[in-house]
Structures are given as structure tokens and as C-alpha cells.
Amino acid sequence: MSALKKIGDFTAPKDEATGLELRRQLKTFQGNVSDMGDALKGAALQRLTAGTNAQTSLGMVLSPGQFQFANTSLGTVNVGLAKPAAAQAGTFIVLIDLGGSAGAFSVLPQGCKFENVTTATPVTVASFAAMIFCDGVDYWRLF
């Protein structure tokens, strides 16, 4: 049961008929709100899977729906973004820096665009963390 179900905790009016009707309406409302919240949570909040740490000439390569911890204390960490599939629309890639932001993440999309730019030069993103949105075709930096 969702925390939203607590909406029914109220003090009923002194008039019994009004109180019963109010209680019925609130019970219906709390059920609707709770069901909607659960549906939104199931549809919008994906569970990210850990990246594989597979090292390539790009450093590590991540796909939509993955996260990766990295240590930038010794310098820049290279991250390749795999070309997304249409089914991956609405998913994220999350990079988290364990090194205290001494270096940075250097991101290079493969066969797609990053922030509407096709580039052969890696793009430096915020070093403490980065959240990258996939629209099923390209990638967009959220922070």
C-alpha cells in the first residue's frame, strides 16, 4: 500500500450522514491517487543496471538503462555511449564520480548524437555525476 493511502486519515464531521459521504469520497479518491502513483512509478522509474566496466579504446561503453561508478581522482574517465534502439526511449545512463571531482567524464556517442551534435571529439560533462537521457535515437544531458 502506497503512502498516498493515508489521505483517509481525517476527523469526520459531527453530522453522521455528511461524515459517511465524505469518508466514501475520500476512500475513492485515495484509491485513485494511490493507483495512479503506483502506475507512474512502474512506468517512469526504471531500475538501472550496473555497467560492465568493459574497457575499450573509448574507456567504458554504456547503454541506456545502465549506471557506472568511476574514480576521476587520477584524471578524466572516457565513456562511450552505445547507439540506442527505439525501444530504449525514455531511459537514462547515470555516471557517478567516486573521486571527488578531480577529473571529469569525457563522453562520446557512437553512431548517434549527444545534445543534437554529431562529434568525433568527446564532450566533457560534469565530474561529480551525470544523468544522460536517451530518446531512443540520441542522448541529452540532464545535468
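Within a Cβ distance under 13 Å of TYR139, other residues only, what is the Lys/Arg minus Asp/Glu net charge? Residues close to TYR139 contribute a combined charge of 0.
Stretched out straight at 0.36 nm per residue, the stretch from LEU74 to THR119 would grow longer than its current Cα-Cα span by 13.7 nm. Seen from ALA86, the other residues with C-beta closer than 13 Å to its C-beta sum to a net charge of -1, counting Lys and Arg as +1 and Asp and Glu as -1. Ignoring solvent entirely, what values of log10 I(q)/I(0) come out of the Debye formula for segment 100-143 at 0.33 Å⁻¹ when each Cα is a single scatterer? The Cα Debye sum returns log10 ratios of -1.25. Modelled label positions at ALA85 and ASP15, each set 7 Å beyond Cα in the direction of Cβ, lie 6.0 nm from each other.
Principal semi-axes of the equivalent ellipsoid, √(5λ) from the alpha carbon gyration tensor of segment 49-141, are 20, 13, 12 Å from largest down. Between ALA102 and LYS27, full extension at 0.36 nm per residue minus the direct alpha carbon distance yields a gain of 21.7 nm.
FYI, it's all coordinate maths here, none of it is from the lab. Owing to the predicted nature of the structure, the values given are computational and were not obtained by experimental measurement. In this analysis, Cβ positions are derived from the backbone assuming ideal geometry, glycine residues included, and neighbour counts consider all displayed protein chains.
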